[in-house]
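The values are calculated or read from the model by the stated rules, or taken from the named source; none is laboratory data. Here the structure is a predicted model, which is why all the values come from computation and not from measurement. Please note: Cβ atoms are built from the backbone with ideal geometry, for glycine as well, and neighbour counts cover all protein chains shown. For the accessible areas, the whole protein counts, side chains as well, though only heavy atoms, and no ligand, DNA or RNA atoms are used. Shrake-Rupley method; radii C 1.70, N 1.55, O 1.52, S 1.80 Å.
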Amino acid sequence: MIDAHAHLGDEWEIDARIRGGVRTLMCGTDPDSARSVLAVCAQRKLFTPCCALHPWKAGAYAAEDMLPWLDQCPVVGETGLDAAWCDTPMRAQIEALIFNLDYAQRTLKPVVLHTKGAEQEVARILRPYIVRKLVHWYSCDRPPLGFLEQDCYFTIGPDVRTNPAVRRVAALAPLERLLIESDGMEAVRWARSAPAPAEALPEVLRDEARAIAEIRGIAAEAAEAALERNYDRFLGGAG
């Protein structure tokens, strides 16, 4: 099983990933979390580190503050814009996004994108960059046409059973560009409005894969195999 976007979580969640054999793209969002992510990933081949200054943190740090950790990560992210869930000045978010995209372009590293409430602006800024692009948990009411045109990957989040916008992405995006994510168990609990112990993580991801299979009208095994191939392709051998 794969989890193409997650945050570190507590020791119980890390253990659930290890016991479940969950290959995870683990994200650090600021210098402190990036340091912790890299330390954990160095101990487990299942985990691939990913870091960049998150838009929520762009008012507290400069994007350049992440360089020591960016240089150690094969994937850049999550980076992007958020006009819905934070009050970070948009100018600071845009500066961080462009810094991270320039870095990804210069180093030829794939990038993971946060787009909440600013989907069209992120798609516009993204266009000149020729790197592998992954849109994390797209849940906008508008179809993701600007990202589909750029051949982006998409992670399907843990609310795929109940969120029409997420289900639309699962139906519209090419199968070879779909991935699944938890965003961490705290996000799973929020998305499902229900308690979920750390050990439920592998089943949460399997249920997402089954939901994609049902939406696409394919066998669950075929969906899981495609997700695994897509994850390897996105990482480009780095994972």
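Selection over the range 184-196 of residues that are in contact (Cβ under 8 Å) with a residue 24 or more places away in the chain and either open to solvent by less than 10 Å² (accessible area, probe 1.4 Å) or assigned to a loop (DSSP other than H, G, I, E, B) (or both) gives a count of 3.
Could you please find all residues in the range 197-214 being open to solvent by 40 Å² or more (accessible area, probe 1.4 Å) and β-branched (Val, Ile, Thr)? None; the set is empty.
Take GLN72 and decide whether it is open to solvent by 60 Å² or more (accessible area, probe 1.4 Å), at pLDDT 95 or above, closer than 26 Å to THR48 by Cα and not hydrophobic (A, V, I, L, M, F, W, C). It would help to see each step written out before you state the result.
Values: open to solvent by 60 Å² or more (accessible area, probe 1.4 Å): yes; at pLDDT 95 or above: yes; closer than 26 Å to THR48 by Cα: yes; not hydrophobic (A, V, I, L, M, F, W, C): yes.
Here the answer is yes, as GLN72 does meet what is asked.
Against the condition in contact with a strand residue (DSSP E or B) (Cβ under 7 Å, 6 or more places away or on another chain) and in a loop (DSSP other than H, G, I, E, B), how does VAL76 come out, does it pass? Can you show your working first?
Numbers: in contact with a strand residue (DSSP E or B) (Cβ under 7 Å, 6 or more places away or on another chain): yes; in a loop (DSSP other than H, G, I, E, B): no.
Here the answer is no, as VAL76 does not meet what is asked.
Taking residues in the range 47-74 that are free of Cβ contacts under 8 Å to residues at least 40 places away in the same chain and farther than 18 Å from LEU113 by Cβ, and partners anywhere that are crowded, with 21+ Cβ neighbours inside 10 Å and not acidic (Asp, Glu), the pairs with Cβ atoms closer than 6 Å and at least 6 places apart or on different chains are PHE47/THR24; PHE47/MET26; PHE47/CYS41; TYR61/LEU53. The requirement of being out of contact with any Phe, Trp or Tyr (no Cβ under 8 Å at 6 or more places or on another chain) and under 23 Å from LEU235 (Cβ atoms) is fulfilled nowhere in the range 81-90; no residue meets it.
Given ASP141, ASP102, which one is free of Cβ contacts under 8 Å to residues at least 60 places away in the same chain and either within 30 Å of LEU67 (Cβ to Cβ) or of a type in the set (A, V, I, L, M) (or both)? Answer to the selection: ASP102.
Under the condition of being in contact with a helix residue (DSSP H, G or I) (Cβ under 7 Å, 6 or more places away or on another chain), over 17 Å from HIS136 (Cα atoms) and of a type outside the set (A, V, I, L, M, F, W, C), the residues counted in the range 189-238 number 6.
Being assigned to a loop (DSSP other than H, G, I, E, B) and either in contact with a strand residue (DSSP E or B) (Cβ under 8 Å, 6 or more places away or on another chain) or open to solvent by less than 50 Å² (accessible area, probe 1.4 Å) (or both) is the filter here, so list the residues in the range 1-41 that pass it. Matches in the range 1-41: MET1, HIS7, LEU8, GLY9, GLY21, VAL22, THR29, ASP30.
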